[in-house]
């Protein structure tokens, strides 16, 4: 039995339809076949998340288009008297960021990635290397900022956190990204996004951290679009993936997927994964940045990347409780408004062992507020198997704290 993957974002409601798109950019190619459109996950929601694989094209022109695309732009400094911190960040971080071309029999696309090691391991998004779940056997090529092109092999994917690792073979050494502690971020911190938006490699945009611990929902990028571990808790079908992310207003567009979000020291704080775009219809077609982008926190990305490099896969924690969205709007005496209500416990699972009961409403996870079942699922999945966490639940109108040793999702399948 698995934990639920339910709920949508906790972003503010608006009077327009939004689409969250994966940040992969369509590779330029002559006379491409019909573009495959990204459909919203829930047409009735004001905010819908999608992976940012910018423009996937039919046919096999992806790699060819990548090879003839514009050369990466260097960090140009024409006036040393007016150099800004963004210039310094770009000079430091760009050598660690690559452009990735992905090509299959029926489609092609491109995204971005960051070097994990000198030997050529690269971290990116699962939706980049699988063309949003369309294939597990795509041809992958990588271009570095100095214009060199390498074939790459897929080491492993983690659709649960939309992360993947690929590897290029070369006698050369590469510049691994410098890591920052994403748990130390503040809203308002300056950031720079680096990648290949709209097929333009080595592009740099700046902004701030707009929000932290935002939960968004993206499509499952497991090849075929289905994963046995990602099901609605009531068994009604394949579920989307919930991610707890950093929100930024740095411009992120299709093609930035898998690229770097760095701080003012050029250290990685997140892997760009999704954007919100405004649309007057529910067609799900891609459009440009409106200043609402999302990145997977570096602490999570680093753990997942290291695990995939070591074993080809990543571990995921399991709470062992099926939960649903809870709202106390009709019961003001409850003392809380929203949370994740425990509907069922797995016998012998982590939640039951810790003392949770059916009817408990989880309102905090490791000190962070939980407003929905989706937020709880995202928080649990970001932890490694065996992690010890603090859960605050409301039981009979009172808050009770439990320390839970999370289980292993792999052992439940």
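Modelled spin-label separation between residue 183 and residue 410, with each label point placed 7 Å from Cα along the Cα-to-Cβ direction: 2.3 nm. Its relative contact order, with pairs defined as Cα atoms under 8 Å and 6+ residues apart, puts the range 317-412 at 32 percent. Each peptide in 394-401, 214-221 receives the mean, over its residues, of other Cβ atoms within 10 Å, and ordering these scores from highest gives 214-221, 394-401. Packing, taken as the mean count of other beta carbons within 10 Å per residue, orders the peptides 150-160, 108-118, 349-359 from highest to lowest as 108-118, 150-160, 349-359.
Values quoted throughout were computed directly from the atomic coordinates according to the rules given, and no laboratory measurement underlies them. The shown structure was predicted, so the numbers you read here are calculated from the model rather than taken from an experiment. Ideal geometry is used to build each Cβ from the backbone, glycine not excepted, and the neighbour counts take in all protein chains shown.
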